[in-house]
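Below: the structure, in structure tokens.
The values are calculated or read from the model by the stated rules, or taken from the named source; none is laboratory data. Computed from a predicted structure; not experimentally measured. Glycine also receives a Cβ, built like all others from the backbone with ideal geometry; neighbour counts cover every protein chain displayed. Protein only, heavy atoms only, side chains kept; ligands, DNA and RNA dropped before computing areas. Shrake-Rupley method; radii C 1.70, N 1.55, O 1.52, S 1.80 Å.
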Amino acid sequence: MARSRSRQPQFDSRDDLLDGAAATLDLHGRSGDEARTAVRRFLGAESRSKRGRVVHIITGKGKGSQGGAVLRPLVAAELRGACAPLVADWSRDTDDGGYVVRLR
């Protein structure tokens with residue numbers, strides 16, 4: 001039996017996901033546990049606000065972290081995992097310092 005892999009959605013310049021966000025969460029300076037909790041709360045609250053809403057989660061590029069980026073992979077894991085029921089589409093933002101997310 002073939003194993004299915006969860007992949008990040010792919011978007012192009014015609015996708016309205018890249019047009020702008022209704023709300024932003026900036027995770028700079030937070031630990032992994034703090035960021036995980038903040039992302040779950042933020043997406044939960046925003047998903048109740050308006051169906052199909054687009055939000056922006058800023059992680060930074062990880063240049064200040066010893067050993068590489070911590071928050072970027074953590075947020076991607078949340079978008080694929082615990083937060084997946086709230087998320088319709090997502091992509092890295094244009095400067096690669098976070099994610100743009102369309103909620104269900």
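Within region 1-58, how many residues turn out to be at pLDDT below 95, more than 15 Å from D89 (Cα to Cα), assigned to a helix (DSSP H, G or I) and more than 15 Å from the chain's Cα centre (by Cα)?
2
Please specify each residue of region 45-54 satisfying the condition of being loosely packed, with under 14 Cβ neighbours inside 10 Å and either without any contact (Cβ under 8 Å) to a residue 24 or more places away in the chain or at negative phi (or both).
A45, R48, S49, K50, R51
Under 7 Å between Cβ atoms, which residue pairs at least 6 apart in sequence (or on different chains) link something in region 31-44 that is open to solvent by 50 Å² or more (accessible area, probe 1.4 Å) with a partner that is assigned to a loop (DSSP other than H, G, I, E, B)?
Within 7 Å, the pairs are R40/A82; R40/C83.
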